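Novice: Quick one: structure below, then a few questions.
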Amino acid sequence: PIVYSFSLAIYCTAWTFYGTVGEAARSGWNYLPIFIGPILLYLFAFPFLKKLTLVSRKQNITSIADFISSRYGKRPLTAPLVILIALLAIIPYISLQLKAIGSNFSLFVNQHDTSPNIIVLVATVLVGVFAILFGTRKVEVTDYRSGMMLAIASESLFKLFAILVVGFLAVVTLTGEQQSQSFDTIDFSVWEISNLFSFSFIMQTLMAAAAVICLPRQFHVTVVDHQDEKQLKMARWVFPLYLLIFALIIPPIAIAGQSLFGNSVNADTYVIQFALNSNNIIIEMLIFLGGISATTAMIIIATFALSIMISNDVILPLLLARATSQQQAIPLYRKQILMIRRLVITGVLVLSYL
């Protein structure tokens, strides 16, 4: 149950690790919806989550595309349409995650003019190898992949620890006497409580609540990898608590970043700037690896989920449609399915890199 609960935190990507601080510095409470939506869903819509996992388990659901298709009577075009939408959304998203790795590496090594493409290429290859090795050992999607889920849960803990270290540095900065004079440069109007009741804030909260279920990677860890009720019962409290800690640590980092760095640096890089400002190689490595954890965990599960959807809901039905009744009765397609999934993972990463 504890591994399951922390694996849900792949919801927190590189944008959550770096970008929410920048969003908070620019717009105050506007960063909150991505945290509030999932928290409210897990606390107050638990019967919905419970039924979702129960129905999916009974019907042997393997992906969000499979689930939506089953709701519409397994119409032939439903699952491919969902997969197409997912591909159009996820490939650019993975691309942004890979780009974050390269740009953040350039900042850490202080080489702004150096092309980070080689670092991005190495990261892409390593992520692909990990996803293939740990995700394509078994044909059965609903079989629990303990190695992969333990790795994802560990990465979630690591990035939480890293952001807490940044928060500690931010609090130390805010309490320092030498920074007390620079608060005049901070626009505190963006932190007014009235901003919490705007239409856009409410709509973004609803979208985040939907995203924590509908994103293919989230559906996979929440529903497909769900094994028993104990997991969801623990996740109901652990996952919201995780998000709450993450959300509470953002304002001190944003305000301290404005106080210390002002407009001289991009607000989205405040987390990195705190690490560099510490002049401590251990802290710098910790923050960099925290961002890497947020990025790689998302990419691994997203590509794996896409490979399942394409192999199970597009390619395999085509193969079975052409096979004879005798061939359909014999499990001839094990190697082909695994190969298809590996090719899809590779293809998605190549497109994202390009």
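The values are calculated or read from the model by the stated rules, or taken from the named source; none is laboratory data. These numbers were taken from a predicted model, which means no experiment stands behind them. In this analysis, Cβ positions are derived from the backbone assuming ideal geometry, glycine residues included, and neighbour counts consider all displayed protein chains. Only protein heavy atoms, including side chains, enter the accessible area calculation; ligands, DNA and RNA are left aside. Shrake-Rupley method; radii C 1.70, N 1.55, O 1.52, S 1.80 Å.
Novice: With every protein chain left in place and a probe of 1.4 Å, what is the accessible surface of Trp237, to the nearest 10 Å²?
Specialist: 150
Novice: Take the Cα atoms of the chain, find their three principal axes, and give me the spread along each one in whole Å, biggest first.
Specialist: Cα extents, longest axis first: 80, 46, 32 Å.
Novice: Here is a further query. Net charge near Thr13: determine it from the other residues with C-beta under 14 Å of the C-beta of Thr13, scoring Lys and Arg +1 and Asp and Glu -1.
Specialist: Once positives and negatives cancel, what remains is 0.
Novice: Another question, if that's okay. Apply the Karplus curve 6.51 cos²θ - 1.76 cosθ + 1.60, θ = phi - 60°, to the phi angles in segment 197-202 and return the couplings in whole Hz, x for Gly and Pro.
Specialist: 10, 6, 4, 5, 5, 5
Novice: Which residue, Val171, Val221, Val265, has the most motion in a Gaussian network model of the chain that connects Cα atoms within less than 10 Å?
Specialist: Largest GNM mean-square fluctuation: Val265.
Novice: Looking only at Leu232, Leu319, Leu343, which one moves most when the chain is put into a Gaussian network model with springs between Cα atoms under 10 Å?
Specialist: Leu319
Novice: Something else about it: Determine ³J(HN,Hα), in whole Hz, for all residues of segment 22-33 in sequence, where each value follows from phi through the Karplus function 6.51 cos²θ - 1.76 cosθ + 1.60 and θ = phi - 60°; x replaces Gly and Pro.
Specialist: For segment 22-33, the Karplus curve yields x, 5, 5, 5, 7, 10, x, 6, 5, 7, 5, x Hz.
Novice: Follow-up. How many lysine pairs does the chain hold where the Cα atoms are under 19 Å apart and the two sit 8 or more places apart or on different chains?
Specialist: Close lysine pairs found across the chain: 10.
Novice: Per residue, how much accessible area does segment 217-274 have with a 1.4 Å probe, in Å²?
Specialist: It amounts to 35 Å² per residue over segment 217-274.
Novice: Mind giving me the nanometre distance, one decimal, between the label points for Asn266 and Asn117, set 7 Å out from Cα along Cα→Cβ?
Specialist: In this crude spin-label approximation the distance works out to 1.9 nm.
Novice: Which of the listed residues, Val224, Ala247, Asn263, is farthest toward the dipole's positive end in the chain, when Lys, Arg count +1 and Asp, Glu count -1 at the beta-carbon?
Specialist: Of Val224, Ala247, Asn263, it is Val224.
Novice: Quick one: net charge around Ala294, please, counting Lys, Arg +1 and Asp, Glu -1 for every other residue with C-beta under 9 Å from its C-beta.
Specialist: My count for the surroundings of Ala294 gives 0.
Novice: Just how much of Asp313 is accessible, in Å², when a 1.4 Å probe is used and the result is rounded to the nearest 10?
Specialist: Number for this one is 30 Å².
Novice: Another question about this same structure. Between Phe67, Ala86, Gln336, whose Cα lies farthest towards the positive end of the dipole of the chain when Lys and Arg beta carbons carry +1 and Asp and Glu beta carbons carry -1, centred on the Cα centre?
Specialist: Gln336
Novice: Let me ask another. Over the heavy atoms of Lys138, what accessible area does a 1.4 Å probe trace out, to the nearest 10 Å²?
Specialist: 80
Novice: In addition: Net charge within 12 Å of Asn104 by Cβ-Cβ distance, Lys/Arg positive one each and Asp/Glu negative one each, not counting Asn104 itself?
Specialist: So the environment of Asn104 carries a net charge of -1.
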